[in-house]
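These notes concern the structure reproduced below.
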Amino acid sequence: MALAAVVLAAGKGTRMKSRHPKVLHRLGGRPIVQYVVEAVREAGAQRVIVVTGYGHEAVAAVVGELGAEAVLQEQQLGTAHALLQAERVLAGFRGDVLVVCGDTPLLRGETLSRLVAQHRASGAAVTVLTAILENPRGYGRVVRDAAGRILRIVEQADGSPEELAIREINTGVFCFAADGLFAALREIPSSSQQGEYYLTDILSVYLQNGRSVSSVPVEDPVEAYGINDRRQLAAAEKLIRRAILDYWMNAGVTVIDPDSTYVDREARIGPDTVIHPLTIIEGDSVIGAECVLGPGARLIRARLGDRVSVQYAVVVESRIGERSTVGPFAYVRPGCEIGAGVRIGDFVELKKSVVGAGSKVPHLSYVGDAVIGEKVNIGAGVITCNYDGEKKWTTVIEDGAFIGSNANLVAPVTVGRGAYIGAGSTIRRDVPSGALGVARSDQKNIPDWETLRKKKARKTT
Ligand code: UD1
Ligand code: CA
């Protein structure tokens, strides 16, 4: 049977106190709504419709990337009104409609599949996913009769003290038979307290119309967790991050201290990699096997080969070849291609540069817009002068060259294969292969300088 999913995500998320729509806030490095869209897909939804409103364009762009359709709810008149907006795109749809709030990212696809299966098995018009919470505050409570049949869902703001004492809550997830759904939504009266149309009130409408209402409890109540404010965002972040780390630990990665390690959902890590504290792996970074990361590594959309070591360093949008080491205290900026067995040492900044296999940039250098060959040695304090105030220029250093300490290479310039550069030189012209390039004034020694100075001083007093 066909399954469509509708994700309700039009609300501003007032309690977030944010300029940005709530569902675009990030969790594990990706938008909250992405978790929900992926979960409903996993549950078998062939079509995913996201109801957007506040920040419509931004949300529509994000969900469009995920292959979902956005429909606009112009005014946020409540969750029932939000679902009604999907009628436009679901006209004539036969099958079941899975409805999920955009702000419950911990729901698992498996749980939603189970809900759909039980809904189909029971033949109910609607099946609600419920949860039993220690602290149900803020959620709608599930009110049942003496025989345990669902009567209605009461919102926090509208409940009597007895109702608010109920610990079974509405997760906001429903599976509906499409048949008659939109007609029933139109029958929902606006709630007297808030002037909104509550989707939860559809249960009373169905029961009045003699249609059957069913429920399924969620096994792990943490899945029901909804994000309404920044404290809940931080709490969800912690749960999601821990789940990501558990996944990688199960896959053979050592995480020394999970409390101080942050890995985004899109990142990949090879087995036997060891992650030391205060390491942050962001975006779709790909880390090889047997790497040693941290302490203090920040990798942003980086690609690391096997057995790479990075400590107290930042690597952004760059590739590091196998067995290379970076840091401590290095900054690899976007666009670097670093080969195998390279050493990028302390206080080195690299930008948009290629460094060939076996080369070393061990200390105190700035290397920008450079193409460095294999087995090149860059002395301490070497600087590529890549910018003339208007344009960036390339420095080429061919295989096996040796650049003496504190040299300035004024680009565009090429140092040939196996060439040497004298320490402290400012090189403005190409140096041919095998040559020594020196560009510094000759040293002058003035003999007996100390004695002469002292004599001079005595005369003046
Ligand atoms: C809602 C449920 C509550 C449930 C809880 C689960 C209702 C009335 N209440 O409460 O029973 O326990 O979720 O987390 O359904 N939205 C729209 N358009 C609107 C209003 C809301 O798209 O006009 C979207 C929001 O963007 C959000 C979702 O619906 O993603 C839920 O809205 P929210 O205001 O967070 O409802 P809760 O108070 O959490
Ligand atoms: Ca909510």
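Name the residue that is farthest from Arg19 (Cα to Cα), counting only residues in segment 54-69 that are in a helix (DSSP H, G or I) and in contact with a strand residue (DSSP E or B) (Cβ under 6 Å, 6 or more places away or on another chain). Per the criteria, the residue is Val63.
Do any strands (runs of 3 or more DSSP E) lying entirely in segment 70-174 carry at least 2 residues that are in contact (Cβ under 8 Å) with a residue 60 or more places away in the chain and in contact with an Asp or Glu (Cβ under 8 Å, 6 or more places away or on another chain), and which ones are they?
Details: elements: 96-101, 126-132, 141-144, 150-154.
Per the criteria, 126-132.
Taking the condition of being within 14 Å of Gly102 (Cα to Cα) and basic (Lys, Arg), how many residues in segment 9-35 meet it? Residues in segment 9-35 being within 14 Å of Gly102 (Cα to Cα) and basic (Lys, Arg): 4 in total.
Across segment 154-172, not a single residue is classified as crowded, with 19+ Cβ neighbours inside 10 Å and within 17 Å of Arg211 (Cα to Cα). Taking the criterion of being of a type in the set (S, T, N, Q), modelled with pLDDT of 95 or more, over 29 Å from the mean Cα position of the chain (by Cα) and open to solvent by less than 10 Å² (accessible area, probe 1.4 Å), would at least one residue in segment 118-132 satisfy it? Looking through segment 118-132, at least one residue is of a type in the set (S, T, N, Q), modelled with pLDDT of 95 or more, over 29 Å from the mean Cα position of the chain (by Cα) and open to solvent by less than 10 Å² (accessible area, probe 1.4 Å).
Okay, residues lined up against (1) polar (S, T, N, Q); (2) surrounded by fewer than 21 Cβ atoms within 10 Å (Cβ to Cβ):
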{"position": "Ser285", "(1), (2)": "yes, no"}
{"position": "Gly294", "(1), (2)": "no, no"}
{"position": "Val326", "(1), (2)": "no, no"}
{"position": "Lys352", "(1), (2)": "no, yes"}
{"position": "Ser359", "(1), (2)": "yes, no"}
{"position": "Tyr366", "(1), (2)": "no, yes"}
{"position": "Asp369", "(1), (2)": "no, yes"}
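Just so you know, in segment 133-153 the residues that are open to solvent by 60 Å² or more (accessible area, probe 1.4 Å) and more than 28 Å from Asn228 (Cα to Cα) include one that is nearest to ligand 1 (Cβ to nearest atom), and it is Arg149. For segment 76-90, the candidate set comprises residues that are open to solvent by 50 Å² or more (accessible area, probe 1.4 Å) and not β-branched (Val, Ile, Thr); within that set, the residue that is nearest to ligand 2 (Cβ to nearest atom) is Gln76.
Return the pairs, sorted by first residue and then second, in which the second residue is in a strand (DSSP E or B) and among the hydroxyl-bearing types (Ser, Thr, Tyr), the first residue lies in segment 242-263 and is surrounded by 13 or more Cβ atoms within 10 Å (Cβ to Cβ), the beta carbons are less than 7 Å apart, and the residues are 6+ apart or on different chains. Cβ pairs passing all conditions: Leu245/Thr261; Val255/Thr261; Thr261/Thr279. For segment 216-241, which residues satisfy the criterion of being surrounded by 18 or more Cβ atoms within 10 Å (Cβ to Cβ), more than 13 Å from ligand 1 (Cβ to nearest atom) and over 21 Å from the mean Cα position of the chain (by Cα)? The one that is surrounded by 18 or more Cβ atoms within 10 Å (Cβ to Cβ), more than 13 Å from ligand 1 (Cβ to nearest atom) and over 21 Å from the mean Cα position of the chain (by Cα): Val216.
Against the conditions (1) in contact with a Pro (Cβ under 9 Å, 6 or more places away or on another chain); (2) open to solvent by 60 Å² or more (accessible area, probe 1.4 Å), Asp272 satisfies every one except (1). For segment 37-53, the tally of residues that are surrounded by fewer than 21 Cβ atoms within 10 Å (Cβ to Cβ) and either acidic (Asp, Glu) or outside any strand (DSSP E or B) (or both) stands at 5. Selection over segment 175-193 of residues that are part of a loop (DSSP other than H, G, I, E, B), open to solvent by less than 60 Å² (accessible area, probe 1.4 Å) and under 23 Å from Ala121 (Cβ atoms) gives a count of 2.
Kindly establish whether Arg94 is closer than 22 Å to Pro189 by Cα, away from ligand 2 (no atom under 16 Å from the Cβ) and open to solvent by 10 Å² or more (accessible area, probe 1.4 Å). Against the criterion (closer than 22 Å to Pro189 by Cα, away from ligand 2 (no atom under 16 Å from the Cβ) and open to solvent by 10 Å² or more (accessible area, probe 1.4 Å)), Arg94 does not qualify. For segment 56-69, name all the residues that are surrounded by 21 or more Cβ atoms within 10 Å (Cβ to Cβ) and away from ligand 2 (no atom under 16 Å from the Cβ). The answer is Val62, Val63, Ala68.
Here is the figure for segment 1-17: residues that are in contact (Cβ under 8 Å) with a residue 60 or more places away in the chain and open to solvent by 10 Å² or more (accessible area, probe 1.4 Å) total 8.
The values are calculated or read from the model by the stated rules, or taken from the named source; none is laboratory data. Everything numeric in this text was worked out from a predicted model, so none of it was measured. Counting neighbours? That spans all protein chains shown, and the Cβs are built from the backbone with ideal geometry, glycine included. Heavy atoms of the whole protein, side chains included, go into the accessibility calculation; ligands, DNA and RNA do not. Shrake-Rupley method; radii C 1.70, N 1.55, O 1.52, S 1.80 Å.
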